[in-house]
Amino acid sequence: MRADAQRNRARVLEAAEEVLARDGLAASMRAVAELAGVGVGTIYRQFPTKEALYQAIVVDRTRRLAERAAELAEGSDPGRAFFTFFAMIVEHATTKKVFVDALSAAGVDPKAGSPDLRGPIETLLVRAQRSGAVRPDVGMPELLALLSAACLAAQQQSWDPELRDRALGVVFDGLRTQP
């Protein structure tokens, strides 16, 4: 892909994410094109349907989360990295639901083509446990259950950031190693 086409694609994905978060499933390709500063034809050349655009957004967002997990895993504070990433996933879930619902309604698997985050999450968990920041008896099944529950709550509730932070504080206290 040419450099200008890559830049256009990135602008379209960013604009589409913003328009869909604002307008929901009623978002138009024209509104996306206007915000991205490209023509509608540019969008349709890369994304022949709305569903293809939604799928690309989900894949791009998940790829960015995986990259961020890798960055955090290289940091010097494994506990902070773990809890930061947990909170990022919950925040991500609050806007992801619009895209997932649209894809599911169109019969498209929302996870198709997305990187699997279980490996990066497990890496962060193990590092946090080795540092003493997270209880050693927490395994991936328990962590994924807590993460799924927090994401579902964030999607179902109109969580303001303060409520989300307080709720996550309770979850995080349960995950921390007790003195």
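Just so you know, all these numbers are worked out from the coordinates, no wet-lab data involved. In this text, all values refer to a predicted model and were calculated from it rather than measured experimentally. Here Cβ is always computed from backbone atoms with ideal geometry, including for glycine, and neighbour counts include all displayed protein chains.
Side notes on the structure shown:
- Secondary-structure-derived ellipticity at 222 nm for the chain, considering helices only, amounts to -25000 deg cm²/dmol, per-run term -39500 (n - 2.57) for DSSP H runs with n ≥ 4.
- Each Lys and Arg Cβ is given +1 and each Asp and Glu Cβ -1; about its Cα centre, the chain then shows a dipole of about 340 debye.
- Within the chain, helices built from complete DSSP H runs that reach 27 Å or longer along their own axis (Cα positions) and carry a mean Kyte-Doolittle hydropathy of -0.5 or higher are 50-73, 78-105.
- Label-to-label distance for residue 49 and residue 91 is 3.3 nm, based on points extended 7 Å past Cα in the beta-carbon direction.
- Amide hydrogen proximity for residue 38: with H placed 1.01 Å from N in the peptide plane, no residue at 5 or more positions away or on another chain lies under 5 Å.
- Over the chain, the alpha carbon radius of gyration divided by the compact-protein estimate 2.2 N^0.38 Å works out to 1.15.
- Only aspartates and glutamates eight or more places from residue 96 in sequence, or on another chain, were considered; those with a Cα closer than 13 Å are 17, 18, 60.
- The separation of the stretch 42-59 from the stretch 1-23, counted between C-alpha centres, amounts to 9 Å.
- Leading residue at positive end of dipole, the stretch 12-136 (Cβ point charges), from 123, 62, 27: 123
- Sequence-separation-based contact order of the stretch 1-143, relative, with Cα cut under 8 Å and 6+ spacing, percent: 26
- Net length available on complete extension from residue 142 to residue 173 is 9.7 nm, with 0.36 nm assigned per residue and the Cα-Cα distance removed.
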